[in-house]
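Heads up, the thing below is written out as C-alpha cells.
What follows is calculated from the coordinates using simple rules that are stated; it is not laboratory data. All values reported here derive from a predicted model rather than from experimental measurement. Please note: Cβ atoms are built from the backbone with ideal geometry, for glycine as well, and neighbour counts cover all protein chains shown.
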C-alpha cells in the first residue's frame with residue numbers, strides 16, 4: 001500500500017524535474033504540470049509590448065486575454081510590471097466586465113491574428129508566447145501570438161455582451 005501510494009504520488013504531484021524521464025511520463029498521463037509553466041514569461045512579453053508603446057498610447061491601452069489562465073497570470077504578475085488590469089471573456093472573468101477606459105489600443109493574448117482582425121480594425125503580431133523551458137503546453141501551442149490591436153469594430157458594451165466564452 002505504501003509503495004502504491006508513493007508511486008501514485010510521484011505521478012500526480014510535481015516532484016519530477018521538468019524534462020526528466022519521469023516528467024515525460026507524467027506529461028503523457030495528464031497535462032497539469034505542463035500548464036503550470038510559462039505564466040511569468042507571458043506577462044513579461046506583454047509588459048515588453050506595453051512599455052514599448054508611447055506614453056500617450058499607454059493611457060488608452062487595455063489587455064484582452066482569450067482565457068482565464070492568461071488573464072489570471074496577467075492580473076497576478078502584471079501590476080508589479082505596471083500593466084493595466086487584464087480583461088477576459090471567459091467564465092467568471094466575463095462578469096468582471098471590460099476596461100472602463102474603453103481602450104482604443106489593446107494587447108491581445110489567446111487570439112489568433114484572423115480572430116483579432118475580425119474584432120478590431122487592425123491587428124499585428126508583436127510578440128510570441130513561449131517559456132524558458134521550451135515546454136509545449138496549451139499556451140505555447142494553441143495561443144502563441146501576442147497581438148497589438150487598434151479600434152474595436154463595435155462599442156465595448158456590444159462586444160462584451162456578444163462575446164462571452166465558457167471553457
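Return the FRET efficiency for the residue pair residue 96, residue 1: r is the Cβ-Cβ distance, R0 is 35 Å, and the value is rounded to the nearest 0.05. E between residue 96 and residue 1, to the nearest 0.05, is 0.15. Taking the empirical scaling 2.2 N^0.38 Å for compact globular proteins as reference, the range 5-76 has a Cα radius of gyration ratio of 1.57. The chain gives an Rg/Rh value of 1.06, both radii derived from C-alpha positions and Rh following Kirkwood. Against the main long axis of the alpha-carbon atoms of the chain, helix 39-52 sits at an angle near 20°. Once both axes come from the Cα atoms, what is the angle between helix 68-77 and the longest principal axis of the chain, in degrees from 0 to 90, rounded to 10? On a 0 to 90 degree scale, this one is about 80. The angle between the Cα long axis of helix 2-12 and the main principal axis of the chain comes to about 20°, on a 0 to 90 degree scale.
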